[in-house]
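The values are calculated or read from the model by the stated rules, or taken from the named source; none is laboratory data. Nothing here was measured: the structure is a model prediction, and the numbers come from that model. Please note: Cβ atoms are built from the backbone with ideal geometry, for glycine as well, and neighbour counts cover all protein chains shown. For the accessible areas, the whole protein counts, side chains as well, though only heavy atoms, and no ligand, DNA or RNA atoms are used. Shrake-Rupley method; radii C 1.70, N 1.55, O 1.52, S 1.80 Å.
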Number of protein chains: 2
Amino acid sequence: MKAGPDIAIVAALVGDPARSNMLTALMTGRALTASELAYQAGVTPQTASSHLAKLEAGRLVEQEKQGRHRYYRLSDPDVAAVLEGLEGLAARAGHMRVRTGPKDPALRHARVCYDHLAGDLGVQMLDSMKKQRLVRQRKQDIELTAEGERFLTDSLQISADALSHPRRPLCRACLDWSERRHHLAGTLGAAILTRFTELKWAMRDAAPGSRVVNFTRNGEKRFAALFGEIE
Amino acid sequence: MKAGPDIAIVAALVGDPARSNMLTALMTGRALTASELAYQAGVTPQTASSHLAKLEAGRLVEQEKQGRHRYYRLSDPDVAAVLEGLEGLAARAGHMRVRTGPKDPALRHARVCYDHLAGDLGVQMLDSMKKQRLVRQRKQDIELTAEGERFLTDSLQISADALSHPRRPLCRACLDWSERRHHLAGTLGAAILTRFTELKWAMRDAAPGSRVVNFTRNGEKRFAALFGEIE
DNA sequence: CCAACGCTTCGGCTATTGTCGAAATATGAA
DNA sequence: TTCATATTTCGACAATAGCCGAAGCGTTGG
């Protein structure tokens with residue numbers, strides 16, 4: 001009756017504050033160096049080193065060496081998905097870190113959730129796509145419509161067919177912890193955020209570990225034109 | 001940059017062996033008493049009591065008092081989903097509890113994953129439904145076809161329309177940790193397993209905390225007739 | 001070549017948390 | 001009413017794991 005995977009080992013890896021801070025920093029989807037992760041976690045480099053070794057042994061992160069630098073990233077989107085789920089449980093249980101600083105509203109407005117847009121704007125985008133019948137959502141199933149494919153091609157020069165990926169869905173509903181509603185994940189969600197960046201509508205906060213997405217004035221206008229409030 | 005949910009708190013709750021054993025035991029979808037959970041976790045009742053208080057404070061479980069008995073269950077399917085995800089990560093990282101006893105093959109053959117069928121038979125069922133075009137799966141998106149609705153009504157007396165649920169999808173692909181492929185979750189997956197039980201094709205192992213599903217001889221035949229190997 | 005920097009390894013310390021014995025309270029059955 | 005059982009609470013103990021200083025190794029740039 002105790003057969004099966006031992007979730008305690010994995011969860012204990014995430015359950016340490018220093019390690020969870022590192023994993024959260026990696027939810028930006030960026031690779032960060034050991035030093036940057038040490039800073040994010042608020043520990044010394046030697047402490048971070050031993051933590052990272054554990055995360056790597058547990059297959060939660062993987063590393064790539066560049067000269068003297070060690071870059072770490074999440075092993076794959078499955079890890080990010082579990083971390084998202086944990087974020088939802090933590091938010092629901094009220095385990096929020098109270099930092100009502102200037103960054104908090106920005107984080108709620110628009111932020112990266114691994115590789116796709118989240119926050120107020122992320123939720124608004126999915127809502128708008130549903131109202132425009134670009135996607136169909138039944139509960140947590142999201143499907144791109146033919147009209148949606150044309151929209152993506154015409155307005156954003158994104159080809160849905162090119163987003164095929166053996167292990168990730170095109171569309172996935174991701175529960176937004178700040179809005180408590182869904183935003184769009186999957187390869188399409190990632191492609192859209194990438195396109196926003198290419199078009200210079202939005203850019204990521206440059207601070208390592210920051211998840212904030214800053215839209216330009218023009219970007220906000222373009223975003224509103226495509227995904228604004230629709231009756 | 002440390003704003004947002006504090007996943008360390010939730011993960012640390014899962015990361016203790018005694019507590020993770022309890023949560024795993026509750027993945028059967030059944031409510032268990034504090035004593036039964038203490039037994040599953042291999043600790044004394046007083047230790048279990050303090051653990052359960054923590055899990056309840058963390059909103060991972062909820063309790064219902066019946067006389068002298070306290071029944072605990074997982075708070076909701078979101079908790080189960082995160083635990084499933086952790087199981088997948090643990091299995092991938094090779095954190096398997098080596099108990100190659102008589103129960104292990106049974107667990108791999110057919111078991112409950114919260115409320116739907118998993119294991120070899122669970123994976124086979126989804127495969128067959130795909131080959132018979134009862135469902136369409138593109139990566140992790142699963143959609144019931146019109147033919148599938150008729151099949152469910154005719155063969156199992158299950159009405160897909162009656163499975164509507166505000167917070168759960170009809171179909172969800174759940175990665176099976178023993179088969180490393182998908183089985184069917186969601187309200188439909190749950191309804192199918194329930195129907196097998198009603199039809200007396202299958203029954204759950206009566207031991208508290210056991211996830212094994214035992215098919216009868218007749219049940220195996222009926223299951224094979226509906227979901228057997230199809231070319 | 002030398003100095004600076006990134007990262008790892010080693011060893012010792014300490015705080016935290018899980019554990020159980022003991023005791024108390026509530027419920028159910030005879 | 002009494003006894004058995006389920007569960008909770010309290011207090012003490014011990015083991016573990018995270019922490020950092022010190023030292024070492026590898027890489028980079030001047």
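How about the stretch A:53-129: which strands (runs of 3 or more DSSP E) wholly inside it have at least 1 residues that are within 16 Å of the chain's Cα centre (by Cα) and farther than 23 Å from B:Ile9 by Cβ?
In the stretch A:53-129, the matching strands (runs of 3 or more DSSP E) lie at A:69-74, A:116-118.
Where the second residue is in a loop (DSSP other than H, G, I, E, B) and open to solvent by less than 20 Å² (accessible area, probe 1.4 Å) and the first is more than 14 Å from chain A (Cβ to nearest Cβ) and of a type in the set (Asp, Glu) and lies in the stretch B:140-158, which pairs have Cβ atoms under 9 Å and are six or more apart or on separate chains?
B:Glu147/B:Leu134
Find all pairs meeting these conditions: Cβ atoms under 8 angstrom apart; at least six residues apart or on different chains; first residue within the stretch B:57-83 and away from DNA strand D (no atom under 13 Å from the Cβ); second residue open to solvent by less than 40 Å² (accessible area, probe 1.4 Å) and polar (S, T, N, Q).
Note: pairs meeting the criteria are B:Arg59/B:Ser75; B:Leu60/B:Ser75; B:Leu83/B:Thr24.
Looking only at the stretch A:183-205, how many residues end up being modelled with pLDDT under 90, assigned to a strand (DSSP E or B) and of a type in the set (Gly, Ala, Ser)?
1
Being more than 12 Å from chain B (Cβ to nearest Cβ), of a type in the set (A, V, I, L, M, F, W, C) and more than 30 Å from B:Asn21 (Cβ to Cβ) narrows it down to one residue among A:Ala48, A:Ala53; which is it?
Just a single option satisfies the conditions, and that option is A:Ala48.
Please state which of the following conditions B:Ser50 fails to meet, knowing it meets all the rest: (1) farther than 29 Å from A:Asp176 by Cβ; (2) open to solvent by less than 50 Å² (accessible area, probe 1.4 Å); (3) modelled with pLDDT of 90 or more; (4) in a helix (DSSP H, G or I).
B:Ser50 satisfies every listed condition except (2).
Filter the stretch B:14-25 down to residues that are more than 14 Å from DNA strand D (Cβ to nearest atom) and not β-branched (Val, Ile, Thr) and give me whichever is surrounded by the fewest Cβ atoms within 10 Å (Cβ to Cβ).
If we take residues in the stretch B:14-25 being more than 14 Å from DNA strand D (Cβ to nearest atom) and not β-branched (Val, Ile, Thr), then B:Asn21 is surrounded by the fewest Cβ atoms within 10 Å (Cβ to Cβ).
Looking at A:Ala34, A:Ala11 in this structure, which one is within 12 Å of DNA strand D (Cβ to nearest atom), hydrophobic (A, V, I, L, M, F, W, C) and more than 7 Å from chain B (Cβ to nearest Cβ)?
A:Ala34
Go through the stretch A:140-158 and give me each residue that's closer than 22 Å to A:Tyr114 by Cβ, part of a loop (DSSP other than H, G, I, E, B) and open to solvent by 20 Å² or more (accessible area, probe 1.4 Å).
Across the stretch A:140-158, the qualifying residue is only A:Gln140.
Could you tell me which numbered condition B:Ser50 fails, if it satisfies all but one of (1) within 12 Å of DNA strand C (Cβ to nearest atom); (2) in the same structural domain as B:Arg172 (by TED's automatic domain parsing)?
Unmet condition: (2).
Is it the case that B:Phe196 is open to solvent by less than 20 Å² (accessible area, probe 1.4 Å) and aromatic (Phe, Trp, Tyr)?
So B:Phe196 passes the test.
Residues in the stretch A:62-76 that are open to solvent by 40 Å² or more (accessible area, probe 1.4 Å) and either of a type in the set (Phe, Trp, Tyr) or under 20 Å from A:Leu188 (Cβ atoms) (or both): how many?
Final tally of qualifying residues: 1.
So which residues in the stretch B:14-30 are under 30 Å from B:Gly67 (Cα atoms) and either modelled with pLDDT of 90 or more or facing chain A (nearest Cβ under 8 Å) (or both), if there are any at all?
B:Val14, B:Asp16, B:Pro17, B:Ala18, B:Arg19, B:Ser20, B:Asn21, B:Met22, B:Leu23, B:Thr24, B:Ala25, B:Leu26 - these are the residues of the stretch B:14-30 that are under 30 Å from B:Gly67 (Cα atoms) and either modelled with pLDDT of 90 or more or facing chain A (nearest Cβ under 8 Å) (or both).
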